[in-house]
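Taken together, the values in this text are just the output of simple stated rules run on the coordinates, not laboratory data. In this text the structure is predicted, and so the values were computed from the model without any measurement. Quick reminder, even Gly has a Cβ in these numbers, built from the backbone with ideal geometry, and neighbours come from all protein chains shown.
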Amino acid sequence: MKKIGIVLSGCGVYDGSEIHEAVFTLLAIDRAGAEAVCMAPSMDLREVNHLTSQETGATRNALVESARIARGKIRDIKDVTAADLDAVIFPGGYGAAKNLCTFAEKGAAATVNPEVARLLREMVTAKKPIGAICIAPALIAAALGRDFKPKLTIGTDAGTAAAIAETGSQHVNCPVTEFVVDRENKIVSTPAYMLATRISETADGIEKAVKAVLEMT
């Protein structure tokens, strides 16, 4: 059975992984007959009240919070290597741009969590597929843009696309239920909630993107 990593960044769209996107990714992997391997970095994140969208001043641990989505079956990303996986997928949510990297704050000058950067470089060097959903392509651009110049999409947002291009990556506009494939680097990306106005649109795009990732394994 193929093992597909899912890198989570917490639990909740404003301070972690977008829950719908994470669950749709898990569902698409299972329906394809593959095994999901959930992981997250053990790091503190700033808590956001999802009712008010304001920071509370408290902190939460990304690995502990991600375990909510994974129903407790999750690994610390530092213990996972490319040799353990056939592919890896990053759901969106602001945690991808705030916790896994600093794109939300620094744009093209973003730094990437060292363990996330390590795993991404291992995967692309091993020619194993990478999937990125919603804002997560910005993380891929920050980690791989200058050396690998990946082709990515976050949909049609001009400001985010411009910042991605500044990393050396190539942004491609894409409708919400479709995806973009970089065949040279084996990277698949889809806009999801960067564009979606309906939950079904997010589900459709993610299912197609996951299928494309699996086809490259």
Cβ-based charge dipole, the chain, positive-most Cα from Ala109, Pro175, Ala141: Ala141
- line: Taking every DSSP bridge whose two residues both lie in the stretch 3-215, the antiparallel percent to the nearest 5 is 30 percent
message: Helix-only mean residue ellipticity at 222 nm, the chain, DSSP H runs n ≥ 4 weighted -39,500 (n - 2.57), per residue, nearest 500. What is it?
response: -11000 deg cm²/dmol
- prompt: Taking the Cα centre of the stretch 3-215 as origin and charging only Cβ (+1 Lys, Arg; -1 Asp, Glu), how large is the dipole, in debye to the nearest 20?
  reply: 340 debye
query: Which of Ile6, Val64, Ala165 sits farthest toward the positive end of the charge dipole of the chain, with +1 on the Cβ of Lys and Arg and -1 on the Cβ of Asp and Glu?
result: Ile6
message: Once each part is reduced to its C-alpha centroid, what is the distance from the stretch 83-120 to the stretch 9-60 in angstrom?
response: 13 Å
task: Name the shape class, rounded, prolate or oblate, that the alpha-carbon gyration tensor gives for the chain, where a ≥ b ≥ c are the square roots of its eigenvalues, rounded holds for a/c under 1.5, and otherwise prolate holds if a/b is larger than b/c and oblate otherwise.
output: rounded
